[in-house]
1. Starting from the range 35-90, pick out the trypsin sites (Lys or Arg not before Pro) whose DSSP state is loop and whose Cβ has at most 16 other Cβ atoms within 10 Å.
2. Would you mind giving the average projected area, over all directions, of the Cα convex hull of the chain in nm² with one decimal?
3. With all pairs of different alpha carbon atoms counted, what Kirkwood hydrodynamic radius in Å does the range 223-344 show?
4. Over the Cα atoms of the range 31-118, what Rg and Dmax result, in angstrom?
5. With a cut-off of 8 Å between alpha carbons and a minimum separation of six or more residues, what is the relative contact order of the chain in percent?
6. Please enumerate, by chain and number, the lysines with C-alpha under 23 Å from the C-alpha of Lys249, excluding those fewer than 8 residues away in the same chain.
7. Roll a 1.4 Å probe over the protein chains and send me the accessible area per residue for the chain in Å².
8. Counting Lys +1, Arg +1, Asp -1, Glu -1, what net charge surrounds Leu214 among other residues with beta carbon under 15 Å of its beta carbon?
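The values are calculated or read from the model by the stated rules, or taken from the named source; none is laboratory data. Every value quoted in this text rests on a predicted model; they were computed, and no experiment measured them. When we count neighbours, we look across all protein chains shown, and the Cβ atoms used for this are built from the backbone with ideal geometry, even at glycine. Accessible surface is based on the protein model in full, side chains and every heavy atom, while ligands, DNA and RNA are left aside. Shrake-Rupley method; radii C 1.70, N 1.55, O 1.52, S 1.80 Å.
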Amino acid sequence: MLRPLYLAASNLDSTMLRCRNFRVKMSSDAASPSTESRVVLGCGMSTIDFLATVDAYPKPDDKVRTTSFKIQGGGNAANALTCAARLGLKPKLISKVSDDAQGKGILKELEADGVDTSFLVVSKDASSTISYVLVDNQTKTRTCISTLGDPPMMPTDLSQSILLSAFDEARLVYFDGTSTETALFLAQEAARNNIPILVEAESEKEGLDELLGLADYVVCSTRFPQAWTQAPSIPSALVSVLLRLPNIKFVIVTLGEDGCIMLERSITESSDIEERDVDNVIESLYREKDDSLIIPTCISSTVTKLRTEGIGTVCGRLFVGTAEKIPAWELIDTTGAGDAFIGAILYAICANMSPEKMLPFACQVVAAKCRALGARTGLPHHNDPRLAPFIS
């Protein structure tokens, strides 16, 4: 999962969202995808999570008691599509489960949330993926241990008829970076059908480079950009990502309590656009932050030629999405926070939200999620009043 975003409990001003050097009135600008653009297809992991909270993470050989316990569906793709479904999209999931009790529970929960499970592969005499999640009430961190399902999903699990039906009416295709062989097979089909692709890049793994090469949008974990590019800073790594992946429109890196940074490629480039060092641009944006604001905000640059020494230059805009900390007594669990962020980004793309609106919206969705145990308990629905400034 991506590094969680920690956000404040916001008494939302339902009419205004402050952005750089101006105020955007949101109540009249609330967006929803049109009926024909609500279908999204996702491919990746679906699990059963066994969640337990403890007063403090146990030391070796310790015996501790839980303070609360929950069994709930999990998995990056399954969580993100559950979020998207609650926001109002019509997601389809390609994943693999067993016909065991865990697999049946996974299917039942997804279906209850409106996720189309007709494309899941159900394997007989196998095992579903299980995750054990230990939530530390003291540090507000979680530790995940997964037992992967067997056998894994492969391209041969998907018939031609499944593929044709799965891509039907899809506005967007999302891959969580797992099952890369199957994901690459599906991504190539999506590219042939000119369907935009969003890829989650959590960590380096075999096949991910090829998958990223087909992406239109990328959402990264905190560590991934520098690990993948060997760049000296996160902003310079984002420039390197856009140079290495010439087809992507934007890349976002989530930064936990520091929010997120987005680099959007500019499709027009003229000789009079200012050229600046990318790290200097980010520093200037952070200086513009108003720490007195309660709600998530977005600070953006103008279109700039962003230069990184020894790497190159890319023309685009930088955005800093801020995330305020939730009070300690309200922060319950960050499990699946990154998945909630991606689910909101999927919705925002389908609704054609501007970046200035998309990033605070995604952060608001994560804030709701973090106030309950598990990846899905706190996910908001489309009619949640906390989302009223963003969606109609």
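1. Listed in order of number, the matching sites are Lys63, Arg65.
2. 19.6 nm²
3. Evaluated on the range 223-344, it is 15.4 Å.
4. 16.5, 56
5. Value for the chain: 24 percent.
6. Of all the lysines, those that pass the test against Lys249 - Cα under 23 Å, at least 8 places apart if same chain - are Lys205, Lys305, Lys357.
7. The answer is 42 Å² per residue.
8. -4
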